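What follows is a short report on a single structure.
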């Protein structure tokens, strides 16, 4: 059975909720990036990275802070250099997700960072295929892929940290199901 790993950083709990919804759809393993794994500014956790080496698909996730991925995620990404050099993730399926407090929040930049990280590793990127259903009579705030992202999954904090709209969580679960289906075909 194919394995899916979901390394992510969540500062307020919002991105964690999205990761959990993706895991519910994909059957993937949640792998939170923790502050305790970052020592003197560098991510250090060989077991964590080894689990990613063994996965068939990796779904990257982080909150968008100040127009890009959270620094904790960047520290993790920088630590993958040895894997890049050895081409350990080449050919693996990759996808990504992010959240922020506003509908845009420059989340597209975070997703583009994930795409670049995956391409550096020689991975195969899988985007979102749900067309924003804003013209179907469904209220905008309840529509799947209401934020209209196709590069990956975008979610928005709903009111306060640690809350995400039901529509974004439903979209996240569907995104996980898509990744699971493509991973099973490989």
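What single numbered condition from (1) in contact with a helix residue (DSSP H, G or I) (Cβ under 9 Å, 6 or more places away or on another chain); (2) in contact (Cβ under 8 Å) with a residue 60 or more places away in the chain fails to hold for residue 15?
Only one criterion is unmet by residue 15, namely (1).
Within the stretch 15-37, can you find the residues that are farther than 15 Å from residue 76 by Cβ, in a loop (DSSP other than H, G, I, E, B) and out of contact with any strand residue (DSSP E or B) (no Cβ under 6 Å at 6 or more places or on another chain)? Outline the logic, then answer.
First pass over the stretch 15-37, keeping only residues farther than 15 Å from residue 76 by Cβ: 16-18, 20-29.
Of the ones still in play, those that are also in a loop (DSSP other than H, G, I, E, B) are 27-28.
Matches in the stretch 15-37: 27 only.
Identify all residues within the stretch 38-67 that are crowded, with 17+ Cβ neighbours inside 10 Å and farther than 27 Å from residue 182 by Cβ; write none if there are none.
38, 43, 45, 65
So which residues in the stretch 75-132 are in contact with a helix residue (DSSP H, G or I) (Cβ under 8 Å, 6 or more places away or on another chain), part of a loop (DSSP other than H, G, I, E, B), surrounded by 20 or more Cβ atoms within 10 Å (Cβ to Cβ) and without any contact (Cβ under 8 Å) to a residue 40 or more places away in the chain, if there are any at all?
Answer for the stretch 75-132, where residues must be in contact with a helix residue (DSSP H, G or I) (Cβ under 8 Å, 6 or more places away or on another chain), part of a loop (DSSP other than H, G, I, E, B), surrounded by 20 or more Cβ atoms within 10 Å (Cβ to Cβ) and without any contact (Cβ under 8 Å) to a residue 40 or more places away in the chain: just 89.
Give the stretch 44-68 a look and list any residue that's assigned to a strand (DSSP E or B) and modelled with pLDDT under 95, or say none.
Taking the stretch 44-68 first, the residues assigned to a strand (DSSP E or B) are 57-65, 68.
Once the filter is applied, which keeps residues that are assigned to a strand (DSSP E or B) and modelled with pLDDT under 95, the stretch 44-68 yields 63, 64, 65, 68.
Yes or no: residue 141 assigned to a helix (DSSP H, G or I), in contact with a strand residue (DSSP E or B) (Cβ under 6 Å, 6 or more places away or on another chain) and more than 15 Å from residue 62 (Cβ to Cβ)? Working first, answer last.
Working: assigned to a helix (DSSP H, G or I): yes; in contact with a strand residue (DSSP E or B) (Cβ under 6 Å, 6 or more places away or on another chain): no; more than 15 Å from residue 62 (Cβ to Cβ): yes.
For residue 141, the condition - assigned to a helix (DSSP H, G or I), in contact with a strand residue (DSSP E or B) (Cβ under 6 Å, 6 or more places away or on another chain) and more than 15 Å from residue 62 (Cβ to Cβ) - is not met.
Could you tell me which of the residues 27, 35, 41 is touching a residue at least 24 places away in the same chain (Cβ under 8 Å) and within 17 Å of the chain's Cα centre (by Cα)? Please lay out each step first, then the result.
Numbers: 35 fails: within 17 Å of the chain's Cα centre (by Cα); 41 fails: within 17 Å of the chain's Cα centre (by Cα).
The match here is 27.
The values are calculated or read from the model by the stated rules, or taken from the named source; none is laboratory data. If you're wondering where the values come from, they're calculated on a predicted model, not measured in any experiment. Glycine also receives a Cβ, built like all others from the backbone with ideal geometry; neighbour counts cover every protein chain displayed.
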